[in-house]
Amino acid sequence: MISYDITEWGKPLQQSLREQPVAQGTEVLVRVKYCGICHSDVHIREGYFDLGGGKKFHMSERGMKLPVTMGHEPLGTVVAAGPESAPVPIGQDMLIYPWTGCGQCARCLEGMDNWCPTPRFLGIQRPGGYAQYMLVPDARYLIDCTGIDPTYAPVLACSGLTTYSAARKLLPCAPTDWIVVMGAGGLGLMAVAMLRALGHANIAVCEIDPQKWPAARALGATHVLDPSAADAPAQLAALAGGVWGVLDLVGAQSTASLGLAALRKGGRYVVVGLYGGEIPVSLVPMAQRAISIMGSYVGSPQELREVVALAQSGRLARTPTEVCPANQISAQLDRLQSGQVVGRMVARWD
Ligand SMILES: [Zn+2]
Ligand SMILES: [Zn+2]
């Protein structure tokens, strides 16, 4: 089978020809049909994330050894299962939950694979969907996405799940409480669509590029502003009733500072974006304002089932996706790196 692999950090992916894997134990073999090309793969290919203050987090510290087959937004046809697998729907197309853990620890056993201390994510520590075939560790990670366009369903496994899990961390709140979304890139637009689908009526989007404003408005943003404008803090302060929650899909020093300052008493700041940086936090006002700072990272298998159900119900507005052949994955990562991609690219295996 063909796969597109990182063979050297910071270099284009290389095409490899390798043996088709065989399902052992509880594993399930899937023939990949579509796989979303995620912006985080740009960072993984580079080999590190920027932690701010000159510190870097290298992929080698994350249990990654080269060569790596990325691709954590796969959808494919179930081909075979190992001898210890639960029954699987051979021949059916399934969305694959990629944030798999060790399968043994307390977090994995309670269904919070994404909180496993020794993650074995598909497309990161385990081979992913930038290959014609891949192994899924257990049948419970196969998610029936009948009724959803297969060129769109893959993005639900990453940006859909990520924004859903982050939005749920804002609860409980009233549907009219103001929620601020930092960034209107792929993740930010999905967050707006997700908040709308979950019934939030007042959504303010902070985005420095005005070309992205119409898409944010079309998906349901009720107020759009430039976070670099001098009056941005005043605009957020003027939102009726104050800001209950901030979903920071950028995760930079500037967005965190603006977002935290904007919170009303009791409010919640949820950081999701991995742009990088750090901020000083004064503890006395944090206590006196009773604010919460939370991180959110992808989501659980159950949450992905809920996202798929939301998409199947028709309530989740579709964010733009485009399809490309699998042999363009590395070139598309280059385009993502230089900011040329509007919406999401999904690779197609023939
Ligand atoms: Zn992703
Ligand atoms: Zn685990």
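Residues in segment 124-136 that are in a loop (DSSP other than H, G, I, E, B) and modelled with pLDDT of 95 or more were compared, and the one that is surrounded by the fewest Cβ atoms within 10 Å (Cβ to Cβ) is Gln132. Exactly one residue among Ala201, Ala191 is closer than 30 Å to Trp244 by Cα, over 20 Å from the mean Cα position of the chain (by Cα), at pLDDT 95 or above and of a type outside the set (Phe, Trp, Tyr), and that residue is Ala201.
Only residues that are within 20 Å of Pro233 (Cα to Cα) and out of contact with any strand residue (DSSP E or B) (no Cβ under 7 Å at 6 or more places or on another chain): list them for segment 197-211, please.
Scanning segment 197-211 gives Ile208, Asp209, Pro210.
Among the residues of segment 176-189, at least one is of a type in the set (Asp, Glu), in a loop (DSSP other than H, G, I, E, B) and touching a strand residue (DSSP E or B) at 6+ places or on another chain (Cβ under 6 Å). For segment 61-97, filtering for residues that are away from ligand 1 (no atom under 16 Å from the Cβ), closer than 30 Å to Leu51 by Cβ and crowded, with 23+ Cβ neighbours inside 10 Å leaves 0.
Let's see how each residue does on (1) within 23 Å of His39 (Cα to Cα); (2) in contact (Cβ under 8 Å) with a residue 40 or more places away in the chain; (3) within 16 Å of ligand 2 (Cβ to nearest atom):
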{"residue": "Gln104", "(1), (2), (3)": "no, no, yes"}
{"residue": "Pro119", "(1), (2), (3)": "yes, yes, yes"}
{"residue": "Pro154", "(1), (2), (3)": "yes, yes, no"}
{"residue": "Ser165", "(1), (2), (3)": "yes, yes, no"}
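In the set Gly147, Gly242, Gly188, Gly183, only one residue is open to solvent by less than 40 Å² (accessible area, probe 1.4 Å) and away from ligand 1 (no atom under 16 Å from the Cβ); that residue is Gly242. Whether a residue is open to solvent by 60 Å² or more (accessible area, probe 1.4 Å), away from ligand 1 (no atom under 16 Å from the Cβ), within 28 Å of Leu156 (Cβ to Cβ) and charged (D, E, K, R) was assessed, and Lys56 does not pass this test. Whenever a residue of segment 1-19 is at pLDDT below 95 and among the acidic types (Asp, Glu), it has no partner that is open to solvent by 70 Å² or more (accessible area, probe 1.4 Å) and part of a strand (DSSP E or B) lying with C-beta atoms less than 7 angstrom away and at least six residues away or across chains. Count of segment 312-333 residues, restricted to those that are open to solvent by less than 10 Å² (accessible area, probe 1.4 Å) and in a helix (DSSP H, G or I), is 3. Do we have any residue at all in segment 109-123 that's outside any strand (DSSP E or B), touching a strand residue (DSSP E or B) at 6+ places or on another chain (Cβ under 8 Å) and within 26 Å of Asp149 (Cβ to Cβ)? Yes: segment 109-123 contains one or more residues that are outside any strand (DSSP E or B), touching a strand residue (DSSP E or B) at 6+ places or on another chain (Cβ under 8 Å) and within 26 Å of Asp149 (Cβ to Cβ). Taken as a whole, the condition of being hydroxyl-bearing (Ser, Thr, Tyr) and open to solvent by 60 Å² or more (accessible area, probe 1.4 Å) does not apply to Ser292. Anything in segment 24-37 that is open to solvent by 10 Å² or more (accessible area, probe 1.4 Å) and over 22 Å from Asp138 (Cβ atoms)? List them, or say none. Residues satisfying the conditions do not exist here. Thr100 meets the conditions (1) open to solvent by less than 20 Å² (accessible area, probe 1.4 Å); (2) not in a loop (DSSP other than H, G, I, E, B) in every case but one. The failed one is (2). Within segment 39-58, residues that are under 22 Å from Gly185 (Cβ atoms) sit with their Cβ atoms under 7 Å from residues that are open to solvent by less than 60 Å² (accessible area, probe 1.4 Å) and within 16 Å of ligand 2 (Cβ to nearest atom), at 6+ positions apart or across chains, in these pairs: Ile44/Ile124. The set of residues in segment 223-239 being in contact with a Ser or Thr (Cβ under 8 Å, 6 or more places away or on another chain) and surrounded by 14 or more Cβ atoms within 10 Å (Cβ to Cβ) consists of Pro227 alone.
The values are calculated or read from the model by the stated rules, or taken from the named source; none is laboratory data. Remember, predicted model here, so these are calculated numbers, not experimental data. A quick note on method: Cβ atoms are made from the backbone with ideal geometry, for glycine too, and the neighbour counts reach across all protein chains shown. Remember, those area values only see protein heavy atoms, side chains included, never the ligands or the DNA or RNA. Shrake-Rupley method; radii C 1.70, N 1.55, O 1.52, S 1.80 Å.
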